[in-house]
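A short write-up of the structure that comes next.
What follows draws every value from the coordinates through simple rules; no lab data is involved. Model, not experiment: these values are computed from the prediction. All Cβ positions, even for glycine, are placed from backbone atoms using ideal geometry, and neighbour counts span all protein chains on display.
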Amino acid sequence: MTAPIHTLVADRARTAPDAPAVIDTDGRRIGYAEHLAAIEDAASELQAAGLRPGDRLGIVSENSHAAAVLIFAASRLGAVAVPVNARMSASELARILAHAGPRLVAYTTAVSPDAAAHAEAAGARPFGAGAGAVHLGAGPAHDHAADPDAAVILYTTGTTGDPKGVMLTHANLRFGGRTSARLRQMGEADVIYGVLPVTHVFGLASMLMAATHAGASIRMEARFTPAALHRAILEGATVFPGVPQMHALLMEHVRKGGLERLEGCALHYVSSGGAPLDPAWKRKAEAFYGLPLQNGYGMTETTAGICATTSPIGVPDVSVGPALPGVEIRLDEAVGGEPGTGEVLTRGPHVMAGYYRLPEATAAIMDGDWLRTGDLGRIDEAGRLHIVGRCKELIIRGGFNVYPPEVEAALNDHPDVIQCAVVGRRLEGGDEEVLAFVQCADPEGLDVEALRAFAAGRLAAYKRPSRIVAAAALPAAPTGKILKHKLLAHFADRLG
């Protein structure tokens, strides 16, 4: 049986008790021995409050030492952590907690005004754990059991429907952390910049678990700002996994300071996930960082990772790379519609234990021991996977297949575009139109016709957007991932 995830902290505390484990949001440095002591204190308090093995512990939080402590404390008691981003609305949070049925719910009130508001609404009381101000309240406990090996239940952002509780095991998380650390060549001296929410799989597996496995430290940031990211890099962050919007805003921030690239920093690894890359944007980012920009692909159901690149700087490859060590991928071309293109399937130690309380949904996504990702891809002669879109997002226009990532990559290449999202909208008669939603610094000043002409030089006529909507921000999950299913409703007044 796989050792629980909290033992990674305990092992490191024995061998290097004073080595930094966490740099909290207030700048305080916590060594591994102190980190372990906080975990043990929290576990004792939770046990005294009634948490038992197999129970779920809701954790309504934003990134902080307390959030990490609570996740590991649940492991220490044999309970299952249910991390939920505090920035969710009250109704979203209530729906998740009702389904998860935690016995207790903890709120990281010190670092999150939203968590404090949720705690007050729930009548939660101050909790005496040694990791900063936390409040604790009763949850809507029920008798449904999670998988016996589950360490966490992560609820998806609902990009394809109602959120589902993904059960990830201790083995899943240890594999994800180990693989991420090795991929980045992380060691004990590394500092990973932790702004991706640990309530989501990218932040949990690829940041917190990777740092813990490597014996490195994680610098917690509750919310993203380009100024805070720039400061952290100048103060010694060595690993920065982010999403395209973070990189674009950092570059804009540094340019406003009169510089064209980063200087005098210790970064050795930078990656971009959650959205496709295009060659021109990748070249620009690599020139800015002076490092290769790595790409990757994964989903909550696969503990974040399926594929990743390890490309040298300057390589124009914009694939998501080959399968990670120990991971297998294949294509189901019956779903793809074109030769060489198919739905991506994967299997290996990264695949979830299933959806909590949803056996039919689990059966629908699993094909034997292969997991159906719902994404369309192709595999090149070097074994690298190229994602061309989601099965459900494929746009059929005039009888031709339009893959949104290709259109998005063409628009993202424009210097005024921070990021964009492309979706289809059905017309009378059954055809679809291509709609592009573009995030830019000055929506009012964007020359939409010039952007159309720019796209026309890169896309066939049937792929070009019928409408382009410019905005200062697009609806997004806390990770920065654009919520495409919300675009039509969010901009309904501008679409007519």
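Sorted by packing (mean other beta-carbon atoms within 10 Å per residue), highest first, where do 169-180, 93-104 land?
With the highest mean Cβ count within 10 Å placed first, the list reads 169-180, 93-104.
Too long at a 22 Å Cα-Cα cut-off: which of LYS256/LYS484; LYS392/LYS484; LYS164/LYS481; LYS282/LYS392; LYS463/LYS484?
LYS256/LYS484; LYS282/LYS392
For segment 453-496 and segment 112-146, what is the centre-to-centre distance using only Cα atoms, to the nearest Å?
Distance between centres, Cα-based: 38 Å.
So, by mean Cβ neighbours within 10 angstrom, what's the order for 114-120, 59-65, 380-386 with the highest one leading?
59-65, 114-120, 380-386
Which of TRP370, TRP281 has the fewest other C-beta atoms within 10 Å, and how do the rest follow up to the most?
TRP370, TRP281
Pick out, from VAL195, PRO316, THR156, the residue whose Cα sits farthest towards the positive end of the charge dipole of the chain, with +1 on the Cβ of Lys and Arg and -1 on the Cβ of Asp and Glu.
After comparing all options, I get VAL195.
Please work out the C-alpha center-to-center distance from segment 380-395 to segment 238-285 and express it in whole Å.
For segment 380-395 versus segment 238-285, the Cα centre distance is 24 Å.
Would you mind calculating the gained length between ALA460 and ALA441 on full extension (0.36 nm times residue separation, minus the Cα-Cα distance), in nm to one decimal?
Here the answer is 4.1 nm.
Using a ≥ b ≥ c from the Cα gyration tensor of segment 1-391 (square roots of the eigenvalues), is it rounded, prolate or oblate, where a/c under 1.5 gives rounded and otherwise the larger of a/b and b/c decides, a/b for prolate?
It comes out oblate by the Cα gyration axes.
Taking 7 Å along the Cα-to-C-beta vector as the label spot, tell me the ALA473-LEU234 distance in nanometres, rounded to one decimal.
Output for this residue pair reads 2.5 nm.
Tally the DSSP beta bridges in segment 394-495 and give the antiparallel ones as a percent, rounded to 5.
Percent antiparallel among DSSP bridges in segment 394-495 is about 70.
For ILE59, which sequence-distant residues (separation of 5 or more, or a different chain) have an amide H within less than 5 Å of its own amide H, given hydrogens modelled in the peptide plane?
Result for ILE59 returns VAL82, VAL84, ALA106.
Provide the packing ranking of 284-291, 132-139, i.e. peptides ordered by the mean count of other C-beta atoms within 10 Å per residue, highest first.
So the peptides 284-291, 132-139, ranked by packing, come out 132-139, 284-291.
Between ALA450 and SER44, 0.36 nm times their residue separation minus their Cα-Cα distance comes to what?
Extending this stretch completely gives an extra 139.9 nm.
Taking segment 167-271, which GluC sites (Glu not before Pro) meet the DSSP loop condition and have no more than 12 other C-beta atoms within 10 Å?
Those satisfying the criteria are GLU260, GLU263.
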